[in-house]
Amino acid sequence: MTHPVRLAINGASGRMGRALLELLREDRRFELAHAVVAPDSPDDGQLVAPLTASNLRYAHSWSAAPVVDVVIDFSSPAALSAALDHCLQHRVALVSGTTGVDAVLEDRLTDAGHHMAILRAANFSLGVALLTRLLRDAAAALPAWDLEIVEAHHGRKQDAPSGTALALGRAAADARQTTLEATAVYSREGQTGERADGSIGFAVVRGGDIVGEHTAMLIGSGERLELSHRATDRSIFARGALQAAGWLAGQKAGQWQLEDVIAAPR
Ligand code: NAD
């Protein structure tokens, strides 16, 4: 696209929405045209300052939305559902990072790929997308090597292993023509017995302010390969979503992955 990509942000006053607005301040590839917040948000109706020379105000609906090329969504499942209605009706591309989506909405999102371009990811880090691809290759190329995935996060994290660690395990299992359900070992304590061939082990570290670290260890006999990613700043997710939005603008209908974005020639 030669003109700036016209964007709408769904969930614009949330943590991710604010991170996106911050990046957009400096980024001339994009033009923000609509910013949606929850109806009870104190931001509703306020100026999207200091970003806008254009007097753009936060809105709580899509009814008066101008024409845009891409909607970026980091909100809630209900808000994503409303954004999806808008995107389907106007054939607008959708980049979404919202998690916690139920099976009904999951089905609608899958079906939407027949009508519009849609790209979803549980982790918008471009580095993690590349790590996933490298791990898939390594797991297939070294099928007999033991695979262990170690992840570390801050102490406030509620779930373990992280969704990203599970997605890495799933990609590796898939590359070895098996499933995570059949191979995962989530804890070891006491008399565990020997390691089962072909299993995928997970280990979890929690503490301090660690943003997110993932290491996949492929352990052979006399040698070991480690593929690691360390996030040091949450803005990487916003950066990845913006890159995805720039790439998705003008793509044909379909379900796209972050890996497609990093595979694309620059
Ligand atoms: P947040 O709670 O800070 O922000 C949520 C935003 O959604 C707010 O602006 C709120 O006003 C808006 N919202 C809520 N209900 C709404 C409604 N009914 N209509 C319109 N807007 C509504 O959350 P966050 O940390 O920004 O995360 C948002 C989502 O993105 C979560 O699902 C989170 O898990 C996910 N997330 C994904 C990634 C990734 O890389 N994929 C990274 C971070 C967060």
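The values are calculated or read from the model by the stated rules, or taken from the named source; none is laboratory data. It should be emphasised that the depicted structure is a prediction, and the values quoted were computed from it without experimental measurement. Note that each Cβ is placed from the backbone with ideal geometry, even for glycine, and that neighbours are counted across all protein chains shown. Accessible surface is based on the protein model in full, side chains and every heavy atom, while ligands, DNA and RNA are left aside. Shrake-Rupley method; radii C 1.70, N 1.55, O 1.52, S 1.80 Å.
Worth pointing out:
- The C-alpha atoms of the chain define a longest principal axis, and helix 126-141 lies at about 30 degrees to it.
- Proximity of backbone amide H atoms, modeled 1.01 Å from N, is registered between Val5 and Phe30, Glu31 at under 5 Å, excluding neighbours fewer than 5 places apart on the same chain.
- Expressed to the nearest 5 percent, the antiparallel share of DSSP beta bridges inside the chain is 35 percent.
- For the stretch 126-231, share of DSSP beta bridges that run antiparallel, in % to the nearest 5: 60 percent
- Dipole size of the chain about its Cα centre, with +1 on Lys/Arg Cβ and -1 on Asp/Glu Cβ: approximately 640 debye, rounded to the nearest 20.
- Amide N of the stretch 233-262 lying under 14 Å from the label point, which is placed 7 angstrom from the Cα of Val211 along Cα→Cβ: 233-241
- Loop-located GluC sites (Glu not before Pro) in the stretch 163-255 whose Cβ has at most 16 other Cβ within 10 Å (DSSP): Glu189, Glu194, Glu223
- Taking the C-alpha atoms of the stretch 126-231, convex hull volume expressed per residue in Å³: 109 Å³
- Sites listed here are trypsin sites (Lys or Arg not before Pro) in the stretch 224-257 whose DSSP assignment is loop and whose Cβ has at most 16 other Cβ atoms within 10 Å: Arg234, Lys252.
- Placing a label point 7 Å from the Cα of His60 along the Cα-to-Cβ direction, the residues of the stretch 1-21 with a backbone N closer than 16 Å are 11-14.
- Helix-only mean residue ellipticity at 222 nm for the chain, each DSSP H run of n ≥ 4 adding -39500 (n - 2.57), per residue, nearest 500: -10000 deg cm²/dmol
- Seen from every direction in turn and averaged, the convex hull around the alpha carbons of the stretch 86-133 projects onto 3.9 nm².
- Unit charges on C-beta of K, R, D, E only; dipole of the stretch 126-231, Debye: 260 debye
- Here the extension length gained between Asp102 and His154 equals 16.1 nm, from 0.36 nm per residue of separation less the Cα-Cα distance.
- Mean projection area, nm², convex hull over Cα of the stretch 23-119: 6.6 nm²
- Of Met116, Met16, the residue with the largest accessible area leads and the full order is Met16, Met116 (1.4 Å probe).
- Globularity index of the chain is 1.11 (Cα radius of gyration / 2.2 N^0.38 Å, N = number of residues).
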